[in-house]
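Written out below as C-alpha cells is the structure these notes cover.
Throughout, read-outs are computed from the coordinates displayed, never taken from laboratory work. Keep in mind that what you see is a predicted model, and the values were worked out from it rather than measured. For neighbour counting, all protein chains shown are included, and Cβ atoms are generated from backbone atoms with ideal geometry for every residue, glycine included.
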Number of protein chains: 2
Amino acid sequence: MSEQNLAENIANQLRRDILRGKLAPGASIKERDNATDMGVSRTPLREAIRILAKEGLVDLRPARSPIVSVPSIKQISDDVEVLLAVEILSGELACTRATEEDLAEIKGLLVEMEQKFDSADPLDLFEVDMGFHSAIARAAHNAPLAEIHSTFLRRLWRGRFLSSVKRRNRARVIDHHTAILDALRARDPDSTRVAILMHMKNLQSDILDAVRHDVPLGNAEDDKDAGAA
Amino acid sequence: MSEQNLAENIANQLRRDILRGKLAPGASIKERDNATDMGVSRTPLREAIRILAKEGLVDLRPARSPIVSVPSIKQISDDVEVLLAVEILSGELACTRATEEDLAEIKGLLVEMEQKFDSADPLDLFEVDMGFHSAIARAAHNAPLAEIHSTFLRRLWRGRFLSSVKRRNRARVIDHHTAILDALRARDPDSTRVAILMHMKNLQSDILDAVRHDVPLGNAEDDKDAGAA
DNA sequence: CAACGAATTTCGGTATACCAAAATCGGAGC
DNA sequence: GCTCCGATTTTGGTATACCGAAATTCGTTG
C-alpha cells in the first residue's frame with residue numbers, strides 16, 4: 001500500500017475517506033488539524049490536498065480552508081457529459097486494441113457482478129461495477145484517456161453509488177454491461193458506442209435523480225450556481 | 001498576471017519556459033537550483049512542479065530530479081486521440097450552448113488569424129490558432145471539459161507548433177477553421193463534428209511528422225545560464 | 001441594545017532546516 | 001588496469017518555524 005511518498009498515501013487515505021463518506025461534502029480540511037491527526041506534518045498533507053483538488057474531490061478557495069467538494073447539479077451534469085464521451089471513446093478504441101486478456105478480465109468482472117448481485121453489501125457490488133468500466137477504459141490502451149476516466153469516475157463516485165443502491169437500477173446494469181461486452185467481443189465500434197451510450201444515458205438520469213434526492217447538506221446551493229470562471 | 005499564490009506563478013513561468021523551448025525536453029529541474037535561481041524557496045517550486053506534472057509537461061521519477069517530459073510517439077498519439085475527442089465533443093456541445101458572444105469571439109480569432117497570416121512571427125499566428133480552439137472549448141460551457149482541453153493542448157504544444165511552422169499547413173488551417181466556424185454558426189452538430197474531425201486528422205499526421213523530424217533528445221543540458229527573467 | 005472597530009486568533013502561504021536514500025567519485029585490493 | 005566497496009555529495013522528502021491576511025470576538029460608543 002505504501003508507495004514511497006507520504007503525500008500519495010495521505011491522498012489515498014483522504015480520498016478513501018471522502019468517497020466512503022467519512023468526510024462529508026462541505027467539511028473543511030484544515031491543514032494543521034488534519035496533519036496532527038494523521039501524525040504527519042503539514043507539507044505532505046498539503047500536497048495530498050492539491051492532488052485531490054486536481055481530481056476535483058476537494059475545492060481550494062483562496063486564503064481559506066479547502067473543503068470536500070459539494071458539486072452542484074451543473075457540475076455533476078458536466079462531469080457525466082465528459083465521462084460519457086470518455087467511455088464511448090474507450091469502447092471504440094477497445095474494439096480494435098483490446099487483447100483477449102482484456103476481454104477476459106472484463107468478462108470476469110461481469111460474471112462477478114452477476115454472482116454478487118444479491119450480495120448484502122451494495123458497496124461490494126458497486127466496486128465491481130466501477131471495475132468493469134475501468135477495465136474497459138484500460139482496454140483502450142491509451143494511458144491519458146484511462147487517467148481521465150479514473151478522475152471522472154471518482155468525481156461521480158457518490159452520485160453513482162447513491163443511484164446504484166436502487167435495486168431496480170442494478171438489474172438494468174447487468175443487461176447493459178452484457179450488451180457492452182458483447183459489442184466489444186464482436187469488436188464492433190458502432191454497437192459498442194450505442195451500448196455504452198444507452199448505459200450512460202440511464203446513468204446520467206439516475207445520478208441526477210439520486211443527487212437531487214440526497215440533499216445531505218442543509219444549503220440550497222444546487223440550482224443557483226452562478227458561473228464561476 | 002500574478003494571481004496570488006507563488007506556486008501558480010512559478011508554474012506559469014516554468015510552463016512558459018517549457019512551451020517556449022527555453023527548458024528543453026529532458027532537462028532536469030532540480031528543486032534547489034531552480035528555487036534559488038527564481039528567488040523563491042523550494043516549497044512553492046515543488047508545488048509548481050507537481051502542477052506541471054499533473055499537466056503532463058514534466059515527468060516525476062521516484063527519488064530523482066523531475067525532467068521536462070520528452071513524450072514518445074505513442075504518448076503523443078494518445079494525447080492527440082484524446083484531444084480529438086474533446087474537441088469534437090466541445091464542438092457538438094457548442095452548437096447548442098454557444099452564445100452569440102462566444103461565436104463572435106471565435107470569429108474574431110479567425111479574422112485575426114487571417115490578418116496575421118503573413119506575419120513574420122509564427123509564434124503569434126500559432127497563439128491565435130490555439131486561442132481559436134480554446135474558444136470553442138469554452139463555448140461548450142462545460143468547465144471540466146475546457147480544462148481537459150487546455151491540458152492536452154499544452155501537452156501537444158511543441159508538436160503543434162513545429163507542425164504549424166510549415167506554411168503549407170497554415171493555409172489549410174484557415175480553411176478548416178472557416179469550415180468549423182460555419183458549422184458552429186449553423187449550429188449543426190453533425191457538420192461541426194465532420195469539420196473538426198477533418199481538421200484534427202490532419203493535425204494528427206502533421207504533429208507526428210513534425211515530432212519525428214524534430215531530433216528528439218539531441219541535447220539535454222544546454223541551458224545552463226542563470227537567466228534572470 | 002445594536003453597530004462599528006480594534007485586538008486577537010486562526011489558518012493558509014512561504015521559507016528554512018533536517019533527514020534518508022541514491023548517485024557519484026575515489027581509493028584500496030585483486 | 002579493473003573491480004568492488006565505502007565515503008561524500010547531491011537531491012528529493014519531511015518537519016517545523018515564521019509571516020501576513022482574513023475572520024472572529026470582544027469592547028466601546030452612540
**Message:** Just want to confirm a number: the relative contact order over chain A, from Cα pairs under 8 angstrom separated by 6+ residues, in percent.
**Reply:** 23
**Asked** Considering the alpha-carbon set of segment B:9-146 alone, what are its Rg and its Dmax in angstrom?
**Response** 18.0, 51
**Prompt:** Lys/Arg Cβ at +1, Asp/Glu Cβ at -1, dipole of segment A:61-147 taken about the Cα centre: which of A:Ala94, A:Ala143, A:Ser69 is farthest positive-ward?
**Reply:** A:Ser69
**Item:** Debye-sum result for the protein assembly as shown in log10 I(q)/I(0), which assumes one identical scatterer on each alpha carbon, at q = 0.09, 0.10, 0.12, 0.14 Å⁻¹
**Value:** -0.66, -0.82, -1.20, -1.57
**Request:** Could you work out, residue by residue across A:132-145, how many beta carbons of other chains sit within 10 Å of that residue's beta carbon, and then give the average as an integer?
**Result:** 2
**Item:** Shielding score for A:192-205, defined as the mean number of other chain Cβ atoms within 10 Å
**Value:** 0
**Message:** Distances in nm, one decimal, shortest first, from B:Pro122 to the same residue in every other copy, taking the label point 7 angstrom along Cα→Cβ.
**Reply:** 5.8
**Item:** chain B - charge dipole about Cα centre, Lys and Arg +1 at Cβ, Asp and Glu -1, debye rounded to 20
**Value:** 620
**Prompt:** Taking H as built 1.01 Å from N, whose amide H comes closer than 5 Å to the amide H of B:Val58, not counting residues under 5 places away?
**Reply:** B:Ala53, B:Ser69
**Item:** Net charge dipole size for segment B:1-128 [Lys, Arg +1 and Asp, Glu -1 on Cβ; Debye, nearest 20]
**Value:** 1040
**Message:** Need one number: the % of Cα-Cα pairs in segment B:15-65 sitting beyond the 14 Å mark.
**Reply:** 52
**Fill in**
Measuring from the longest principal axis of the C-alpha atoms of chain A, the long axis of helix A:73-97 (C-alpha) lies at a number of degrees, nearest 10, equal to 40
**Item:** Whole-number D in µm² s⁻¹ for segment A:101-178, Kirkwood Cα-pair radius fed into Stokes-Einstein, 10 °C, 1.306 mPa s
**Value:** 123
**Prompt:** What is the pair-distance distribution P(r) of segment B:151-216, computed from all Cα-Cα distances in 5 Å bins starting at 0, with each bin given as a whole percent?
**Reply:** 4, 18, 23, 22, 17, 11, 4, 1, 0
**Prompt:** For segment A:77-160, what is the relative contact order in percent, using Cα pairs closer than 8 Å and at least 6 residues apart in sequence?
**Reply:** 46
**Asked** Which pairs, out of A:Lys74/B:Lys74; A:Lys22/A:Lys74; B:Lys54/B:Lys74; A:Lys54/B:Lys22; A:Lys30/A:Lys74, put more than 29 Å between their alpha-carbon atoms?
**Response** A:Lys74/B:Lys74
**Message:** Between segment B:44-59 and segment A:35-70, how far is it from one alpha carbon centroid to the other, in angstrom?
**Reply:** 17
**Message:** Need one value for B:21-27: mean number of C-beta atoms belonging to other chains within 10 Å of its residues' C-beta atoms.
**Reply:** 0
**Request:** Please identify, among A:Leu123, A:Leu197, A:Leu181, the residue showing maximal mean-square fluctuation in a Gaussian network model of chain A using a 10 angstrom Cα cutoff.
**Result:** A:Leu123
**Prompt:** How far, in degrees from 0 to 90, does helix B:143-155 lean away from the longest principal axis of the Cα atoms of chain B, to the nearest 10?
**Reply:** 60
